[in-house]
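Engineer: Pasting a structure here, questions to come.
Read-outs: derived from the displayed coordinates by stated rules, not from any lab. Computed from a prediction, not measured in an experiment: that's the story for all the values here. Counting neighbours? That spans all protein chains shown, and the Cβs are built from the backbone with ideal geometry, glycine included.
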Amino acid sequence: MSRGPGRMNEGLTTLYSLAGTVAIAAAGVVLARALLPTSATSATRFLFVWHAADALCHTILEGSFLYHCFFTSVPISKLDPAVAAAYHPTPYNYLGTGSDRIFGVQAGGDNPFAQLWMVYARADKRWAGVDLGVVSLELLTVFVDTALAVGVCWCLARKNPMSNVLMIILATCELYGGFMTFCPEWLTGNINLDTSNFMYKWVYLVFFNVLWVFIPLYAIYYAVGEISSAFKTQSAKAKQR
């Protein structure tokens, strides 16, 4: 740890992270082909793939972030003062540890997931250490949103209309989480964001986050349409009686 946080082959780590994203999406496609009936519509397949990839992303990637926030740390006393200054300070008494330890992916050393998140932290500094707002949102994301996404996939595979209700709930959670992640930055002049680099701005901050805006909006649009159609069909049948 004496070398300080964030020392990595950034280009190689970026390639690994992008490859991992493609692999997660590919896993969603494989699961859709294996679990959905052949009669499933293109919209159903797309939504299944998205929610399967969503669950995997939350579990593997964001789950690894939480792991480091709770279980990876380094005693400040063992760091050279000049090196310690490079770390993002951990909130006082985090997990009841007072102020003598540094937590987060920044303390993860050569762990591949820690390296991945340290590259993302070049674009948003809050992800290097422990930002209480980010960690609180990620707890909900990893445990609640993942369960909802798995529920959507299960219902879609079984042609259970409950999938529409779960999609609306999950999409609302995703949109709220995204807003609460970035609104504090907008209100303070984006002091933790680095938009000077094409990769940081357009790939990490825009592309990876905008996906969780437009696709959840589409999921809400689709689910509301399905629920409305069901009500219209029910009303038509009632009038025929």
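Engineer: How large is the Kirkwood hydrodynamic radius of region 1-133, counting all unique pairs of alpha carbons, in Å?
Structural biologist: It works out to 16.5 Å.
Engineer: For region 140-179 and region 207-233, compute the distance between their C-alpha centroids and round to whole Å.
Structural biologist: Taking the Cα centre of each part, region 140-179 and region 207-233 sit 11 Å apart.
Engineer: Defining a contact as two alpha carbons under 8 Å apart and six or more residues distant in sequence, what relative contact order in percent does the chain show?
Structural biologist: 20 percent
Engineer: Next up: So which helices of the chain fit the span-like rule, where a helix is a whole DSSP H run, its Cα atoms reach 27 Å or more along the axis, and its mean Kyte-Doolittle is at least -0.5? Please list the in-between numbers first.
Structural biologist: Numbers: long enough: 10-35 (37 Å, 1.36); 162-187 (37 Å, 1.12); 208-240 (49 Å, 0.47).
Helices meeting the span and hydropathy rule in the chain are 10-35, 162-187, 208-240.
Engineer: Take the Cβ-Cβ distance between residue 199 and residue 162 as r, set R0 to 51 Å, and report the resulting FRET efficiency rounded to the nearest 0.05.
Structural biologist: 0.80
Engineer: Any idea how far apart residue 95 and residue 71 come out in nm if each label point goes 7 Å out from Cα toward Cβ?
Structural biologist: Output for this residue pair reads 1.0 nm.
Engineer: I would also like to ask the following. Compare the peptides 135-148, 190-203 by average per-residue count of other Cβ atoms within 10 angstrom and give them in order, highest first.
Structural biologist: Those peptides, ordered most packed to least, come out 135-148, 190-203.
Engineer: Subtract the Cα-Cα distance of residue 180 and residue 210 from 0.36 nm times their separation in residues, and report this length gain in nm to one decimal.
Structural biologist: Between residue 180 and residue 210, full extension yields 9.4 nm more.
Engineer: Compare the peptides 211-218, 96-103, 168-175 by average per-residue count of other Cβ atoms within 10 angstrom and give them in order, highest first.
Structural biologist: Sorting 211-218, 96-103, 168-175 by mean packing, highest first, produces 168-175, 211-218, 96-103.
Engineer: Still on this structure, please answer the following. Name the residue from 191, 206, 42 whose Cα lies farthest towards the positive end of the charge dipole of the chain, charges +1 on Cβ of Lys and Arg and -1 on Cβ of Asp and Glu.
Structural biologist: 42
Engineer: Report ³J(HN,Hα) in whole Hz for each residue of region 95-109, in order, from the Karplus equation J = 6.51 cos²θ - 1.76 cosθ + 1.60 where θ = phi - 60°; Gly and Pro get x.
Structural biologist: 6, x, 9, x, 9, 9, 9, 10, 10, x, 4, 4, 9, x, x
Engineer: Mind checking which lysines have their Cα closer than 29 Å to the Cα of residue 237? Skip sequence neighbours fewer than 8 apart in that chain.
Structural biologist: 159
Engineer: List every residue whose amide H lies under 5 Å from the amide H of residue 101, counting only residues 5 or more places away in sequence or on a different chain, with H placed 1.01 Å from N in the peptide plane.
Structural biologist: Under 5 Å from the amide H of residue 101: 76.
Engineer: Looking at 83, 18, 132, which one has the Cα that reaches farthest to the positive end of the dipole of the chain (charges on Cβ: Lys, Arg +1; Asp, Glu -1)?
Structural biologist: Comparing the listed Cα positions along the dipole, 18 ranks first.
Engineer: Shifting gears a bit: Using the Cα centre as the reference, give the magnitude of the dipole from point charges on the C-beta atoms of the chain (Lys, Arg: +1; Asp, Glu: -1; all else neutral), rounded to the nearest 20 debye.
Structural biologist: 960 debye
Engineer: Next question. For the chain, list log₁₀ I(q)/I(0) at each q in 0.18 Å⁻¹, using the Debye formula over Cα point scatterers of equal strength and ignoring solvent, two decimals each.
Structural biologist: Those come out to -1.37, one per q.
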